[in-house]
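Take a look at the structure below.
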Amino acid sequence: MTDSVVGTRTVRHDGPELVQLLTPEGERVEHPEYSDYAAHLGPEDLRGFYRDLVLVRRVDAEATALQRQGELGLWASLLGQEAAQIGSGRATRPQDYVFPTYREHGVAWCRGVDPVTLLGLYRGVNLGGWDPHQNHFQLYTIVIGAQTLHATGYAMGVQRDGAVGTGDPDRDTAVIAYFGDGATSQGDVNEAFVFAAVTNAPVVFFCQNNQWAISEPNERQTRVPLYQRASGFGFPGVRVDGNDVLAVYAVTKAALDRARSGDGPMFIEAFTYRMGAHTTSDDPTRYRIAAEVEEWKLKDPIARLKAYLSRGGHADAEFFDAVDAESDEIATHVRSGCLALPDPEPESMFDHVYADPHPLLEEEREWFRGYHASFAAGEEVAR
Ligand SMILES: Cc1ncc(C[n+]2csc(CCOP(=O)(O)OP(=O)(O)O)c2C)c(N)n1
């Protein structure tokens, strides 16, 4: 067991319970239970993982820059959490359904959501920006933990539709809900665990433990490692190295297979670290010491896969250069796409409040139309 004392914090971040297939130095290691779930992955798959990690980091960096330049109102960075998201996202099947928070840009990437569409909410030009049914990727949820209930309800529906445990790999469906360590303190999350457990719903709870809920560190949120909570609800919990894309893939695949086959929910704690601020509105230097960040830089998810690929002769300089060139292209795509996002019609905020027409809403829309028309074009709104 390795404990590290960082300032006043003692953080348990190692030990036999942490599933790992790739060490921080980039060495492949075996795990008695989970190695098999990643055994079919060849060099080409691993190069694909590397490409995903680099590109989503670049999308994230470009979005952060856009916020700094006033083009986005806010951005929630995933820096450091790329492996947790790519590993788990790549383990899902097309028919599975994903319920994200507001930080799952890497999972969105795996589900085929264009990164530009992620920016609409943060630019304030729409309330979400993609069709959840197209990619089986729900809209971002800002209310902490709420999506775990939505996910559990959806999973119970999947069960009732008979899309679990049929043995047909294209039909059996799992649901996966993402949330952070802080969310595990929410009532919604605990209620979701209860419902999922007693109904044996096909849902995987995927917690990215990035060790901070804004300024609240893990030790202010829990007295036991989070993965151990699951047993109290009656389903298995596992802690995986969240910076190890291979281990995350293997553990998530195991949990999703289990859910699809009808064996019920599972909790995954992906132990990782938020390298940047909580959002662009946050200043972590007010509560977090630099030594902790420095320590986690040595566990960088991209560096460890790059080390493995290079040392094993699975990728050469030409490959790494090509991925870098592609990341420049995606940055350009994100930037130009963001600037081209159309401003919404002011009245469109009434469009999706109710599924069917509603008289009060129509009245409010009418009032708003008149109010808006009362301003001459270009005239300053009186304050
Ligand atoms: C119900 C609710 N309470 C409070 C907030 C304000 N809030 C936004 S993010 C956050 C911390 C979330 O931490 P965590 O769940 O660990 O996720 P992370 O952002 O670290 O990935 C809080 C308290 C909120 N959005 N919703």
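The values are calculated or read from the model by the stated rules, or taken from the named source; none is laboratory data. Here the structure is a predicted model, which means the values were calculated and not measured. In this analysis, Cβ positions are derived from the backbone assuming ideal geometry, glycine residues included, and neighbour counts consider all displayed protein chains. These accessible areas exclude ligands, DNA and RNA; they are computed on the full protein's heavy atoms, side chains included. Shrake-Rupley method; radii C 1.70, N 1.55, O 1.52, S 1.80 Å.
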_Among 295-302, 334-341, the order from most to least packed when residues are scored by Cβ within 10 Å on average_ = 295-302, 334-341
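Could you tally the net charge around residue 168, taking each other residue with its Cβ under 12 Å from the Cβ of residue 168, Lys/Arg +1 and Asp/Glu -1? Intermediate values should be presented prior to the final figure.
Values: positive: 93, 171, 260; negative: 170, 172.
Neighbour charge sum, excluding residue 168 itself: +1.
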*Calculate how large, on average over all directions, the projected area of the Cα convex hull of segment 223-345 is; give the answer in nm² to one decimal.*
13.5
*In what sequence, highest mean first, do 249-262, 221-234 appear when ranked by Cβ atoms within 10 angstrom?*
249-262, 221-234
*Enumerate the amide H contacts of residue 137 below 5 Å, restricted to partners 5 or more residues apart or on another chain; note that Pro and chain-start residues carry no placed amide H.*
98
*Specify the angular offset, from 0 to 90 degrees and rounded to the nearest 10, of the alpha carbon long axis of helix 359-373 from the longest principal axis of the alpha carbons in the chain.*
70
*For segment 190-200, just list the computed ³J(HN,Hα) in residue order, Karplus coefficients 6.51, -1.76 and 1.60, θ = phi - 60°, integers in Hz, with x standing in for Gly and Pro.*
5, 5, 4, 4, 4, 5, 4, 5, 6, 9, 6
*Carbon and sulfur together cover what percent of the accessible area of the chain at a 1.4 Å probe radius?*
53
_Proximal aspartates and glutamates relative to residue 253, as straight alpha-carbon distance under 13 Å, when same-chain residues fewer than 8 apart are discounted_ = 33, 36, 96
*Hits among aspartates and glutamates - C-alpha to C-alpha of residue 299 under 14 Å, sequence gap 8 or more where chains match*: 14, 25, 27, 82, 241, 244
_Surface per residue (accessible, 1.4 Å probe) for segment 121-233, Å²_ = 44
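Can you pull a Stokes-Einstein diffusion coefficient for segment 52-147 at 37 °C (0.692 mPa s), Rh from Kirkwood over Cα pairs, as a whole number of µm²/s? Before the final figure, lay out each step's value.
On the way: Rh = 13.4 Å.
Translational diffusion coefficient: 245 µm²/s.
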*Kirkwood-based Rg to Rh ratio, segment 165-277, C-alpha trace*: 0.98
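Starting with the highest mean, order 46-55, 78-87 by the number of other Cβ atoms within 10 Å, averaged over the residues of each peptide.
On the way: 46-55: 20.5, 78-87: 27.8.
Going by the mean number of other Cβ atoms within 10 Å, highest first, we get 78-87, 46-55.
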*In whole Hz, what ³J(HN,Hα) sequence does segment 72-87 give by Karplus (6.51, -1.76, 1.60; θ = phi - 60°), x for Gly and Pro?*
10, x, 7, 8, 9, 6, 9, 3, x, 9, 4, 5, 4, 7, 5, x
_Between helix 43-68 and the chain, what is the angle of the helix's C-alpha long axis to the longest principal axis, kept within 0 to 90° and rounded to the nearest 10?_
40
_Out of all DSSP beta bridges in the chain, what portion is antiparallel? Express it as a percent rounded to 5._
25
*Normalised contact order of the chain, rounded percent, pairs of Cα under 8 Å and 6 or more residues apart*: 23
*Rounded to whole Å and sorted largest first, what semi-axes of the equivalent ellipsoid does the C-alpha gyration tensor of segment 166-210 yield via the square root of 5 times each eigenvalue?*
24, 14, 5
*Report the residue, chosen from 134, 67, 20, that carries the largest GNM mean-square fluctuation when the chain is represented by alpha-carbon nodes joined by springs under 10 Å.*
134
*Quick one: which residues, 5 or more positions from residue 19 or on another chain, have an amide H under 5 Å from its amide H? H modelled 1.01 Å from N in the peptide plane, none for Pro or chain starts.*
239, 240, 241
*Binned at 10 Å from 0, what are the whole-percent values of the Cα-Cα distance distribution for the chain, short to long?*
5, 22, 31, 25, 11, 4, 1, 0
*In segment 28-55, which residues have a backbone nitrogen under 18 Å from the label point lying 7 Å from residue 325's Cα in the Cα-to-Cβ direction?*
48, 51-52, 54-55
*Determine ³J(HN,Hα), in whole Hz, for all residues of segment 269-278 in sequence, where each value follows from phi through the Karplus function 6.51 cos²θ - 1.76 cosθ + 1.60 and θ = phi - 60°; x replaces Gly and Pro.*
9, 8, 7, 9, 8, 7, 6, x, 7, 4
